[in-house]
Amino acid sequence: YRVYAYNMFDAFSRETPAPASSGPVVCVPQDITPPEKPRMNTPLEFEQFSCSPAWSAVTDKNTITYDVHRCEGNLVTCNSAAKFSKITTSSITALNYMDDAVTTDTEYVYCATAMDASGNRSAVYDAQNATNCGLCIPTDKCAPPTAVEAFEIAPTYFGARAGWTNSSDDDGMGAGYHVYLCEDMDPTTCVTPYGRLTTSGAVPGEHDRQLGQNPLSFNNLVVRYSGDYYLGVSYTGATCGESKIAISENAARVEGGTCPIDPDDCDISISLSKHFTKYEIETCSAGTSGCLAAAGAATGFRKVETPLPSVRVEVLDAATKTVVKSMQTNAIGNIPFFRMRTGICSECVDASKQYVVRAVFPEGTWDPGMSAVIGCAADSPAGECVVTLRAAGALSATTVTTVKGATVPDAATAGGGDIGNPTCRPTVHVANLQPLKHRFGAIAGDALYHPAADFNMDGKVSIHDLEILRKNFGKSVPVSSSTLLCDPLFDAR
């Protein structure tokens, strides 16, 4: 770079320079702008024991060199610069790099950075613009199919259909595609307990949805319980082995047992009078739809319910504690088709026996701090919450057995007046009668009304709210500073 010296002159005369003793003003321009990011060429080239990322050249007025950074994982898990390590020992001028320090069938993400002569370097990773990064899986296996879709076979749900976009390695000469039934989006659940649905051998690439071809149907699937299942698809070529299993992003409902095939033969029916939901309490502006507020308050509260999928509804033999039949709630928290036979079989109902209908909330669908409010059984398995929906009794073959789905509160905001605890104590007890008595009979808009004493949030403090307090009396609840429905006149926090 050039070095410049400047002399200063009198403000009114350019002929009178500043005294020489003051010295010149020296300015050395500095380049502090990093170069553009290289654009990674995708897909990345690979072999069984190496990955070879390559990128486009960066245009700059100065010489550019490059470095390669690697993260073990995929494009979802490698989501910050801190997860990458530089693997080039020194910067290179080439536009590609071969990494042979890899493990076969392991996922890697590579990002290229550019550096100019001043040491300015482009960003390693930017979640909003990761064009300098790419995924590589060193393997001798085929590239998997993409855009896998699962389709339901309604209204009986006795099977499912699979569609996909063919593998990029499919040249028409390979063995073809295998389809798997998976319990979730983890590929290990595709191998067991169900495994391949294509038991007669791989099928040709004639179900490419991108080409407008029809999905592949699988009828009369036998599953452990009725619920939502995913489909996985792999490809095996002539010169490459079976690819990884690509999982559908959506699930398809599959009904277990033989009842979906012959529903008229199944005279026992279980139905929900209310779907399973979860709720939280949120603040809202007074005057907006559904917002309950104290008189004169600018902010009110509302209960927001959303469907709760993946809850297992089970019919249990009351004597042997054996699960006779189980199915999962769907995306709207419902069990649309729960049918059983009468007679003697593994999924049959014996008229001489009694059965319990219960719900099992898996880990992640409920908050352990709310176990008492939800009514979790003391012997619930670790991480799960078991709630009885119907006590032991006979199941009718002539009328539908109706049970009510549970509503699960979110401990982050709930636990106050929504469960009969307007004083917001760690236990629902007799002190909660005070705000109820003080505000009894008040309706939204009255001077005495406050939504914390309106336990069922119907806009009126009434006898129905007393019933909620009675139902939850004595139960512990995780009250915190974020618990919203607390009566300001009686808040015990």
Would you say A147 is surrounded by fewer than 22 Cβ atoms within 10 Å (Cβ to Cβ) and out of contact with any Ser or Thr (no Cβ under 6 Å at 6 or more places or on another chain)?
no
Would a scan of region 100-107 turn up a residue that is modelled with pLDDT of 95 or more and within 15 Å of C133 (Cβ to Cβ)?
no
List, please: which pairs have Cβ atoms under 8 Å, are six or more places apart or on different chains, and start with a residue in region 304-318 that is at positive phi and surrounded by fewer than 20 Cβ atoms within 10 Å (Cβ to Cβ) and end with one that is part of a strand (DSSP E or B) and of a type in the set (D, E)?
S310/D228
Log entry, pairs with first residue in region 48-72 being closer than 10 Å to P35 by Cβ, second being of a type in the set (G, A, S) and loosely packed, with under 15 Cβ neighbours inside 10 Å, beta carbons closer than 6 Å, six or more apart or on different chains, reads N62/A117
Which of the residues belonging to region 158-196 are among the hydroxyl-bearing types (S, T, Y) and either touching a His at 6+ places or on another chain (Cβ under 7 Å) or surrounded by fewer than 22 Cβ atoms within 10 Å (Cβ to Cβ) (or both)?
T165, S168, T188, T189, T192, Y194
For region 78-93, name all the residues that are in a loop (DSSP other than H, G, I, E, B), touching a strand residue (DSSP E or B) at 6+ places or on another chain (Cβ under 8 Å) and surrounded by fewer than 12 Cβ atoms within 10 Å (Cβ to Cβ).
T93
Hey, could you check region 222-232 for residues that are under 15 Å from A251 (Cα atoms) and aliphatic (A, V, I, L, M) and say which is surrounded by the fewest Cβ atoms within 10 Å (Cβ to Cβ)?
V223
Can you tell me how many residues within region 353-373 are more than 18 Å from V479 (Cβ to Cβ), within 21 Å of the chain's Cα centre (by Cα) and part of a loop (DSSP other than H, G, I, E, B)?
4
Does any residue of region 282-302 turn out to be under 18 Å from C385 (Cβ atoms) and touching a residue at least 12 places away in the same chain (Cβ under 8 Å)?
no
For region 307-325, check the following and say yes or no: at least one residue is in contact with a helix residue (DSSP H, G or I) (Cβ under 9 Å, 6 or more places away or on another chain) and either farther than 19 Å from Y194 by Cα or assigned to a loop (DSSP other than H, G, I, E, B) (or both).
no
Going by the conditions given, is V323 out of contact with any Phe, Trp or Tyr (no Cβ under 6 Å at 6 or more places or on another chain), of a type in the set (A, V, I, L, M) and modelled with pLDDT of 95 or more?
no
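The values are calculated or read from the model by the stated rules, or taken from the named source; none is laboratory data. Since the structure is predicted, the reported quantities are computational estimates derived from the model, not experimental observations. Glycine gets a Cβ as well: all are built from the backbone with ideal geometry, and neighbour counts include every protein chain shown.
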